[in-house]
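Below you'll find the structure, written out as structure tokens, and then a few comments.
Each value in this text was obtained by applying a stated rule to the coordinates, not by laboratory testing. Since the structure is predicted, the reported quantities are computational estimates derived from the model, not experimental observations. A quick note on method: Cβ atoms are made from the backbone with ideal geometry, for glycine too, and the neighbour counts reach across all protein chains shown.
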Amino acid sequence: MTGRLKLYWHPISGHAHRAQLFLSLIGAPFDLVEVNLAKGAHKAPDFLQLNPFGQVPVLDDNGVVVTDANAILVYLAKKFGRTDWLPEDAKGAADVQRWLSVAAGQIAFGPAAARLVTIFGAAFNADEVVKRAHAILALLEGELQGHDWIVPTAKPTIADVALYSYIARAPEGNVDLAGYPSVNAWLKRVEALPGFAPFATTPVGLLKAASRDAGGRVIPSALQEFSP
Ligand SMILES: N[C@@H](CCC(=O)N[C@@H](CS)C(=O)NCC(=O)O)C(=O)O
């Protein structure tokens with residue numbers, strides 16, 4: 001008998017949400033294990049044994065440990081035979097991988113970095129990361145015109161899952177999504193998928209007053225939560 005999957009996670013991590021979202025979309029039985037980033041639990045020896053990078057998310061599948069959000073998506077799609085989310089043919093797989101690279105590249109260094117500035121006061125040049133965020137959003141806006149999903153197929157793929165969390169919360173990093181109607185329509189399509197798991201909102205950046213969270217948990221003050 002095997003136990004449930006365990007996802008080491010933190011509520012305001014977009015990378016962790018990416019993994020949680022996919023687990024939820026495919027209906028895999030899992031438990032969340034909150035890693036206390038504020039107290040440095042991700043740098044403690046027992047966690048570093050799981051992930052030497054000292055980062056969430058980490059998936060533990062009965063002793064099979066998978067680190068890195070995109071690697072977790074691939075693992076889960078393969079493990080559960082979900083070729084609908086990750087095609088097996090050469091071109092289909094390459095089309096998905098292309099966007100996983102964007103999630104780990106332009107998204108991480110654009111909207112995700114902009115959010116790190118407003119939530120944690122990260123030492124990035126705010127104007128530069130916001131500019132990068134708009135560059136990738138403009139590209140995505142073009143790609144999504146006339147298509148439901150980022151790989152233009154009839155159904156979503158793990159590429160959509162990989163891109164969702166940090167784009168949805170881009171306003172928290174002072175990245176205004178108003179000029180991107182196709183991106184907004186795509187966000188809504190993802191949020192309407194059966195099994196969708198909302199990502200907590202943090203009232204910072206453009207979300208200081210408002211909170212568009214599709215029913216997610218609101219973290220009243222991430223900064224407060226992260227003070228000792
Ligand atoms: N490449 C990793 C990046 C994960 C990552 O940046 N996680 C952040 C939370 S969003 C983290 O744990 N940061 C703590 C640290 O780097 O010390 C992935 O895709 O999982």
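So if we plug the beta-carbon distance of residue 178 and residue 155 into 1/(1 + (r/R0)^6) with R0 = 22 Å, what FRET efficiency do we get, rounded to 0.05?
Working: r = 28 Å, r/R0 = 1.28.
Efficiency, rounded to the nearest 0.05: 0.20.
Once you put a point 7 Å from the Cα of residue 120 and another 7 Å from the Cα of residue 145, both along the Cβ direction, what distance in nm separates them?
3.7 nm
Under a Cβ-only charge scheme (Lys and Arg +1, Asp and Glu -1), can you give me the dipole magnitude of the chain about the Cα centre, in debye to the nearest 20?
180 debye
Cross-link partners among lysines for residue 155, C-alpha distance below 18 Å, same-chain residues fewer than 8 apart left out?
Here the lysines satisfying the reach criterion relative to residue 155 are 78, 91, 188.
Give me the percent of DSSP beta bridges within region 5-79 that run antiparallel, rounded to the nearest 5. If you can, show how the numbers build up before the last one.
Numbers: 7 of 12 bridges.
Antiparallel: roughly 60 percent of the beta bridges in region 5-79.
Determine, for 89, 61, 160, 176, the number of other Cβ atoms within 10 Å of each Cβ, and report the residues in order from fewest to most. Mind showing how you got there, number by number?
On the way: 89 9, 61 19, 160 24, 176 14.
Going from least to most buried by this count: 89, 176, 61, 160.
Report ³J(HN,Hα) in whole Hz for each residue of region 181-196, in order, from the Karplus equation J = 6.51 cos²θ - 1.76 cosθ + 1.60 where θ = phi - 60°; Gly and Pro get x.
Ordered by residue, 3J(HN,Hα) equals x, 6, 5, 5, 5, 5, 4, 5, 5, 4, 5, 8, 5, x, x, 4 Hz.
Please name whichever of 142, 130, 14 sits farthest to the positive end of the charge dipole of the chain, dipole taken about the Cα centre and charges placed at Cβ: Lys and Arg +1, Asp and Glu -1.
14
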